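Asks: Handing you a structure now.
The values are calculated or read from the model by the stated rules, or taken from the named source; none is laboratory data. Keep in mind that this is a model prediction, so the values were computed, not measured. Neighbour counts are summed over all protein chains in view; Cβ atoms, including those assigned to glycine, are modelled from backbone coordinates with ideal geometry.
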2 protein chains.
Amino acid sequence: MISQQDCRQRDADDPLRTLRDLFDLPPGVIYLDGNSLGALPRAVPARVAHVVAQQWGQDLIKSWNSAGWFALPRRVGDRIAPLIGAGGGEVVATDTTSINLYKVLSAALNIAAQDAPGRRTIVSERSNFPTDLYIAEALCRERGCTLKLIEPHEVAASLTPDVAVLMLTHVNYRTGAMHDMAAVTAAAHAAGALVVWDLCHSAGAVPVDLSGAQADFAVGCGYKYLNGGPGAPAFVWVHPRHVARCWQPLAGWWGHAQPFAFTPDYQPAMDITRYQCGTQPIVSLSALDCALDVFTAADQLGGMAALRAKSLALTDLFIDAVEALCPGAFTLVTPREHARRGSQVCLTPTAQLPAGSAYAIVQALIARGVIGDFRAGDAQQPDILRFGFTPLYLSFDNVLGAAQALAEVVRTREYAQARFHHKQAVT
Amino acid sequence: MISQQDCRQRDADDPLRTLRDLFDLPPGVIYLDGNSLGALPRAVPARVAHVVAQQWGQDLIKSWNSAGWFALPRRVGDRIAPLIGAGGGEVVATDTTSINLYKVLSAALNIAAQDAPGRRTIVSERSNFPTDLYIAEALCRERGCTLKLIEPHEVAASLTPDVAVLMLTHVNYRTGAMHDMAAVTAAAHAAGALVVWDLCHSAGAVPVDLSGAQADFAVGCGYKYLNGGPGAPAFVWVHPRHVARCWQPLAGWWGHAQPFAFTPDYQPAMDITRYQCGTQPIVSLSALDCALDVFTAADQLGGMAALRAKSLALTDLFIDAVEALCPGAFTLVTPREHARRGSQVCLTPTAQLPAGSAYAIVQALIARGVIGDFRAGDAQQPDILRFGFTPLYLSFDNVLGAAQALAEVVRTREYAQARFHHKQAVT
C-alpha cells in the first residue's frame, strides 16, 4: 500500500504538478466533483471582469466586432477541437448539450431519411444521462420514430436494420465506463447506422479522436472537465461529410450564411456555423474561453496523453487505497480495465454497510472537505458514490487523503448521524 | 424649439433622473443603442465577481442549491413577469430568443393540430426580425406547414381559415412601429388563430399586458432594454391555459417534473418549467438578475408607466429637434402617433442627402460619441438610421445633444469622408 510519503514523492515528480497553480480552490478541500462542475481557473475572474466592465460597459455595442464577440463561439470551438480529435472550423461552442443534441439527432434522422428511409429507430442506453434520452424521446414522438433503450452489453446486438442512429455517451455519467469509440462507430457504420457521441464526461478528461473514429456527430459540455463555469455553453461537432447535407431545425440567424444581410429567407452557412442559432451568453462564453488556457498550458507538458496517464494513475491509486483501507465495504462500479475507464471512480456500498447509506457517506465526506457526489439507484442500478478525478488540479496526496477520509467515515460510522439523512437535489 | 436650458430644467424635474446613476456609461457618450445592447448597470460587476469567485470558486458544486442557481431561470422569470403583464410562475429566463421561439411555435402548431387540424399556416411580417422568420421557415419545412409573409397593414386580411399561428414582433426592430397587442390578439382569436408575440423591443421599454390581451405565447430578449449584458438569456411566457397542453420539443432535463429523479422517461413539469431545457449559463444569467434591480428601483418612481411617459417625451423631443435642426434632410420612419411608437426613432435620408449616406452618417455620429446604428435597406424598405431611447439612463439634454450632433454631421458633410464608407457587420 502506497504511503503518504510515496504520494508526495509522486507529486514532486509529476510533470503536470504546475497546472494546479492555475486553479483557485478553497483551502482544505479535496475536490472530486470536477465531472459535475469544474473548478475555477485562476485567470477567469479578471477576464470576466474585463468583459463586463470594459467590453460591455465602456466599448458597448462595438465589442461585437472589436472584442470578437460574434466570432467567439467559433473561436472557442477551434480551441476545443484538438481535445476531441476534430479539425479547425469543425466545432462551435454554443447553447446547451441538450439543445445541441436536438440539432444533431434531427440532422442524423434527416440524413438517414435520405439515405435509408426505412431506418426510423434511435438506439441508446437506458443508463445514458437522462436529458439525452428525453431529447431523443421528444424527437421520436414528433417524428413518429422509435427510441430503443438497451443495456451497455447489448450495443452490437441492437444494430438491427431499422436503426437510423446509435446515440451513446462515451463515458457513462454514473459508472465511468468508457466505450471504444472507434470500434463502436465502425460496428454501427457496418450495420448502416449513424453515431452520435455525447462527450460530456470525455472532453478534457480522456483522449478523444472523432476524426480517427470517422464518427458522425458529437456534442459535449463546457462546464465539467473544461472548467468553463456553471452552465458554460456546450459544443457541437459534425463530420465535414455531413455538415452541409441538411438543415438543423434550430435555424436561427447565427447559422445563416450572411447573418447581417438580414434577408427574410434562411440560407444556412456551409460549415459548422449552421449549427449556431441565436445570440450567445458572451460573459459565460468568455469564461470558458479563458478556462481553455489551462489546456494550452497542459499542451506544453504533454497534453491529453499526459493528462490521461495521470488520470489513470490517480484512479488506480484511489481504487487500490479504498480496497486496502475499507476492505469489503464497497464494490467497484467503474471498470478496472484502463481501456474501459473514464476519469472517475464509482463505488457502491456492500452489505457490510447499512442499506441506503451511500447518500449519508457522501455527505459525511463533504463535511470532511472531500467533495464527491451521490447518485441514487433504481430497480436496474445501485446507489453510487461518484468521484471525479481531474488530473489538472488533483495530486496523489489528495487522492490518498480522500481514500483515508472515506475509511474514517466507514470506521467511525459518521454516516449514521441524522444530519446526513436528508436527501437533497444535487446535480 | 426647446433650448439646452429647457432640457436641463426638464432633467432637473424628471422624477426618474436618479436612475441614471445606476448605470456605468463611458464619459462623453450619448448611447442610443440600448435597443441592441443595454448599458451596464453599475451593480453588475460586483455581482458577477461574487458569482465567479465565491459561488463558483469557493462554494463550487453546492451553489446549485445554496446560491439558488438551479431556480435562477424561474426566479429571474418572476422578476420579468410584471414588466410584461404576466403572473408569477408564468415566465422563465432561459436559452435564446430564437430557441424559445422554436419551443412556442412548435407548441402552438401542436395545439392548433389538436383544435383545428386544417390550420397549417404561420403568418408573419416580411419585416420581422429575420431570426424569427428563419425559425418559422425551418419549422414549417419540417412539419410540412406554410409560412406566409405579409406587410404590416395586411395583418387583418391575412387571418384566413388556414392560419394556425400569427407570429408578430410587438415593436418592429427596424421601424419602431408598435402593434396594438390587445386588438391584434382579439382579431386573431376571432379568426381562430393563436398569437405568438416577440417582445424583444418591448420588454422594459413599453408597457406590455400579455394577460390583459389574453395572448397565447411570448418570447423576448434579456440584453436589450433589460440590460442583462451581451447575449444574456432570453425569456419565454405561455398562457396558463396552454402551458400543460403539449410538450415543447426541446424536452431537456430542466423541463422535467422531477429532474433529479433521473428517470429514463420524460415527464414534463406542469407549469412554465417545462419550457426549460438544459443547464443555463449562470454567470450571464446572474448579470441579468442583477440588472433587473434597476426596474425594482424604477418601481418606486412610477414603474413602467413613468418610464413610458419619459420614453415618449424623449422620442417626441428627438423628432421635433431633428425636424427643426435638419429641415427636410430626413423622413421619419417611426410612427408619430404615440400609441403606435415603441421606444426608438428611425430616420431615412431624403434626396437632400447623397444616396447611400445613411451608413456614413451613423459612423460620423459614432465618431462624435453619439451611438446609434444603421440598418441596410432592400427592395422593400429604405436604409435607416436607428436610435433607441432608454428612459432609464437618457436625459433630455442627451437627446437634444444627439439631434444637434446629427445636424452638425449634415451641415459639415462629415459623412462624405472616406473613413466612414466601409460597411461593417453591426448587430
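Asks: Could you list, in sequence order, the residues of segment B:290-316 that are surrounded by fewer than 24 Cβ atoms within 10 Å (Cβ to Cβ) and within 14 Å of chain A (Cβ to nearest Cβ)?
Replies: The one that is surrounded by fewer than 24 Cβ atoms within 10 Å (Cβ to Cβ) and within 14 Å of chain A (Cβ to nearest Cβ): B:Cys290.
Asks: Name the single residue, out of those in segment B:57-77 being charged (D, E, K, R) and in the same structural domain as B:Ile272 (by TED's automatic domain parsing), that is surrounded by the most Cβ atoms within 10 Å (Cβ to Cβ).
Replies: Across segment B:57-77, the extreme among qualifying residues is B:Arg74.
Asks: Name the single residue that is surrounded by the fewest Cβ atoms within 10 Å (Cβ to Cβ) among those in segment A:130-153 being of a type in the set (A, V, I, L, M, F, W, C) and within 8 Å of another protein chain (Cβ to nearest Cβ).
Replies: Per the stated criteria, the residue is A:Leu149.
Asks: Further question on the same structure: Looking at (1) under 18 Å from A:Leu32 (Cα atoms); (2) at pLDDT below 95; (3) of a type outside the set (Phe, Trp, Tyr); (4) over 18 Å from the mean Cα position of the chain (by Cα), which is the only condition A:Arg375 fails?
Replies: Every listed condition holds for A:Arg375 apart from (4).
Asks: Only one of these conditions is not met by A:Phe70: (1) more than 9 Å from chain B (Cβ to nearest Cβ); (2) within 24 Å of A:Pro281 (Cβ to Cβ); (3) in a loop (DSSP other than H, G, I, E, B); (4) hydrophobic (A, V, I, L, M, F, W, C). Which number is it?
Replies: (1)
Asks: Next up: Can you pull out every residue in segment B:286-334 that is in a loop (DSSP other than H, G, I, E, B) and among the β-branched types (Val, Ile, Thr)? If you could, list the steps in order and put the result at the bottom.
Replies: Restricting attention to segment B:286-334, the residues satisfying the condition of being in a loop (DSSP other than H, G, I, E, B) are B:292, B:300-302, B:326-329, B:333-334.
Listed by number, the residues that qualify are B:Val333, B:Thr334.
Asks: So which residues in segment B:334-357 are buried (at least 21 other Cβ atoms within 10 Å of the Cβ) and within 26 Å of B:Tyr393 (Cα to Cα)?
Replies: Answer for segment B:334-357, where residues must be buried (at least 21 other Cβ atoms within 10 Å of the Cβ) and within 26 Å of B:Tyr393 (Cα to Cα): B:Thr334, B:Arg341, B:Gly342, B:Ser343, B:Gln344, B:Val345, B:Cys346, B:Leu347.
Asks: Output the residue which, of all residues in segment A:1-27 that are in contact (Cβ under 8 Å) with a residue 60 or more places away in the chain, assigned to a loop (DSSP other than H, G, I, E, B) and within 26 Å of the chain's Cα centre (by Cα), is farthest from the other protein chains (Cβ to nearest Cβ).
Replies: Per the stated criteria, the residue is A:Pro15.
Asks: Follow-up. For segment B:401-412, state whether one or more residues are surrounded by fewer than 14 Cβ atoms within 10 Å (Cβ to Cβ) and at pLDDT below 95.
Replies: No, segment B:401-412 contains no residue that is surrounded by fewer than 14 Cβ atoms within 10 Å (Cβ to Cβ) and at pLDDT below 95.
Asks: Something else: When you go through B:Gly192, B:Gly176 one by one, which is the residue that is under 12 Å from the mean Cα position of the chain (by Cα) and of a type outside the set (D, E, K, R)?
Replies: Matching residue, one of B:Gly192, B:Gly176: B:Gly176.
Asks: Can you run down the residue pairs with Cβ atoms below 7 Å, 6 or more apart or on separate chains, where the first is in segment A:231-260 and more than 8 Å from chain B (Cβ to nearest Cβ) and more than 30 Å from B:Gly68 (Cα to Cα) and the partner is assigned to a loop (DSSP other than H, G, I, E, B) and of a type in the set (D, E, K, R)?
Replies: A:Trp237/A:Glu90; A:His239/A:Asp216; A:Pro240/A:Glu90; A:His242/A:Asp216; A:Val243/A:Asp271
Asks: Moving to a separate point now. Pull out all pairs, ordered by first then second residue, where Cβ-Cβ is under 8 Å, the residues are six or more apart or on different chains, the first lies in segment B:267-287 and is more than 15 Å from B:Val91 (Cα to Cα), and the second is surrounded by fewer than 24 Cβ atoms within 10 Å (Cβ to Cβ) and basic (Lys, Arg).
Replies: Matching pairs, first to second residue: B:Ser286/B:Arg47; B:Ala287/B:Arg47.
Asks: May I ask you to list the residues in segment A:156-170 that are crowded, with 19+ Cβ neighbours inside 10 Å, of a type in the set (A, V, I, L, M) and more than 21 Å from the chain's Cα centre (by Cα)? So that I can check it myself, show each step before the final result.
Replies: Initially, segment A:156-170 is screened for residues crowded, with 19+ Cβ neighbours inside 10 Å, giving A:158-159, A:163-170.
Next cut, of a type in the set (A, V, I, L, M) only: A:159, A:163-168.
A:Leu159, A:Val163, A:Ala164 - these are the residues of segment A:156-170 that are crowded, with 19+ Cβ neighbours inside 10 Å, of a type in the set (A, V, I, L, M) and more than 21 Å from the chain's Cα centre (by Cα).
Asks: Of the residues in segment B:110-120, how many are surrounded by fewer than 20 Cβ atoms within 10 Å (Cβ to Cβ), touching a residue at least 24 places away in the same chain (Cβ under 8 Å) and more than 13 Å from every other protein chain (Cβ to nearest Cβ)?
Replies: 5
Asks: Same structure, new question: Could you list, in sequence order, all residues of segment A:28-38 that are facing chain B (nearest Cβ under 8 Å) and not charged (D, E, K, R)? Before you say what the answer is, go through the steps one by one.
Replies: In the first step, residues of segment A:28-38 are kept if they are facing chain B (nearest Cβ under 8 Å); the result is A:29, A:31, A:33, A:36-37.
Correct list: A:Val29, A:Tyr31, A:Ser36, A:Leu37.
Asks: Is it true that some residue in segment A:128-146 is closer than 17 Å to A:Phe217 by Cβ, assigned by TED's automatic domain parsing to the domain that holds A:His189 and in contact with a Lys or Arg (Cβ under 7 Å, 6 or more places away or on another chain)? Full working, then the answer.
Replies: We begin by selecting, within segment A:128-146, every residue closer than 17 Å to A:Phe217 by Cβ; these are A:128-129, A:131-133, A:135-136, A:139-140, A:143, A:145.
Then drop every residue that is not assigned by TED's automatic domain parsing to the domain that holds A:His189, which leaves A:128-129, A:131-133, A:135-136, A:139-140, A:143, A:145.
Next, only the ones that are in contact with a Lys or Arg (Cβ under 7 Å, 6 or more places away or on another chain) stay: A:145.
Yes, that holds for at least one residue.
Asks: Further question: Which condition breaks for B:His201 when tested against (1) at the interface with chain A (Cβ under 9 Å from one of its Cβ atoms); (2) within 19 Å of B:His170 (Cβ to Cβ)?
Replies: Of the numbered conditions (1) at the interface with chain A (Cβ under 9 Å from one of its Cβ atoms); (2) within 19 Å of B:His170 (Cβ to Cβ), the odd one out for B:His201 is (1).
Asks: I'd like to check something: does segment A:92-109 contain any residue that is more than 9 Å from chain B (Cβ to nearest Cβ), small (Gly, Ala, Ser) and surrounded by fewer than 24 Cβ atoms within 10 Å (Cβ to Cβ)? Give the steps one after another, and end with the answer.
Replies: Just the residues of segment A:92-109 that are more than 9 Å from chain B (Cβ to nearest Cβ), to begin with: A:92-94, A:103-105, A:107-109.
Then drop every residue that is not small (Gly, Ala, Ser), which leaves A:93, A:107-108.
Among the residues that remain, those that are also surrounded by fewer than 24 Cβ atoms within 10 Å (Cβ to Cβ) are: none.
There is no residue in segment A:92-109 that is more than 9 Å from chain B (Cβ to nearest Cβ), small (Gly, Ala, Ser) and surrounded by fewer than 24 Cβ atoms within 10 Å (Cβ to Cβ).
Asks: Going through segment A:335-352 one residue at a time, which ones are without any contact (Cβ under 8 Å) to a residue 60 or more places away in the chain and not polar (S, T, N, Q)?
Replies: Within segment A:335-352, A:Arg336, A:Glu337, A:His338, A:Leu347, A:Pro349, A:Ala351 qualify.
Asks: Return the total of residues in segment B:1-57 being farther than 28 Å from A:Pro45 by Cα and among the basic types (Lys, Arg).
Replies: 3
Asks: For segment A:41-56, give me each residue that is within 9 Å of chain B (Cβ to nearest Cβ), surrounded by 24 or more Cβ atoms within 10 Å (Cβ to Cβ) and within 30 Å of A:Phe396 (Cα to Cα).
Replies: Residue satisfying the conditions is A:Val44 alone.
Asks: Continuing with the same structure: Would you confirm, using the coordinates I've provided, whether B:Ile319 is without any contact (Cβ under 8 Å) to a residue 24 or more places away in the chain, closer than 25 Å to B:Gly204 by Cβ and more than 21 Å from the chain's Cα centre (by Cα)?
Replies: Details: without any contact (Cβ under 8 Å) to a residue 24 or more places away in the chain: no; closer than 25 Å to B:Gly204 by Cβ: yes; more than 21 Å from the chain's Cα centre (by Cα): yes.
No; evaluated as a whole, the condition is false for this residue.
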